[in-house]
């Protein structure tokens, strides 16, 4: 049972160090990570394997059964840690929004866009309201919804009007 408890404690230590000091020890745990696995997954597996095996061994079960129970609980906790870390990694970010993020978004013209020249559009990207100078091939009136089609400069985008059917639905 001692071996299982030591493994459980080592797994908790790996998990705690990676979560608390992972940013400070940048690169220290790179050997334990890949695209499909993280240090949390490894630490979770080792700790659940150890504590699950210790519980089974303490209940008087034979050693091979204790290893099987420890492995099963380790796989279950590792899968859960993998799912949680994937959820966090794939989730939205509060990172800096750039003008390139507006391409493909719908915007509203707030200052009319002349046939040759610039107007101003407002676009919401990731919850952030941004205003850019905008150019279009044809004049577009203020209040019109447009699609942002490209980036012209760090402060300007190209847009096209959204086609509106004149027929009532």
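Please specify each residue of the range 56-81 satisfying the condition of being under 13 Å from residue 7 (Cα atoms) and either in contact (Cβ under 8 Å) with a residue 40 or more places away in the chain or not assigned by TED's automatic domain parsing to the domain that holds residue 18 (or both).
Correct list: 70 only.
Given the criteria out of contact with any strand residue (DSSP E or B) (no Cβ under 9 Å at 6 or more places or on another chain), at pLDDT 90 or above and surrounded by 15 or more Cβ atoms within 10 Å (Cβ to Cβ), does residue 41 qualify?
Values: out of contact with any strand residue (DSSP E or B) (no Cβ under 9 Å at 6 or more places or on another chain): yes; at pLDDT 90 or above: no; surrounded by 15 or more Cβ atoms within 10 Å (Cβ to Cβ): yes.
In short, no.
A quick yes/no check of all residues on (1) exposed (fewer than 13 other Cβ atoms within 10 Å of the Cβ); (2) closer than 19 Å to residue 87 by Cβ; (3) at pLDDT 55 or above:
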residue: 14; (1), (2), (3): no, no, yes
residue: 26; (1), (2), (3): yes, no, no
residue: 34; (1), (2), (3): yes, yes, yes
residue: 49; (1), (2), (3): no, no, yes
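When you scan the range 90-169 for strands (runs of 3 or more DSSP E) that lie fully inside it, which ones turn up with 2 or more residues that are touching a helix residue (DSSP H, G or I) at 6+ places or on another chain (Cβ under 7 Å) and modelled with pLDDT of 90 or more? Talk me through it step by step, then tell me what you get.
Values: elements: 106-111, 119-125, 128-135, 145-153, 156-161.
Correct list: 128-135, 145-153.
The values are calculated or read from the model by the stated rules, or taken from the named source; none is laboratory data. None of the values given here were measured: they were computed from a predicted structure. All Cβ positions, glycine included, derive from the backbone under ideal geometry; neighbour counts span all protein chains shown.
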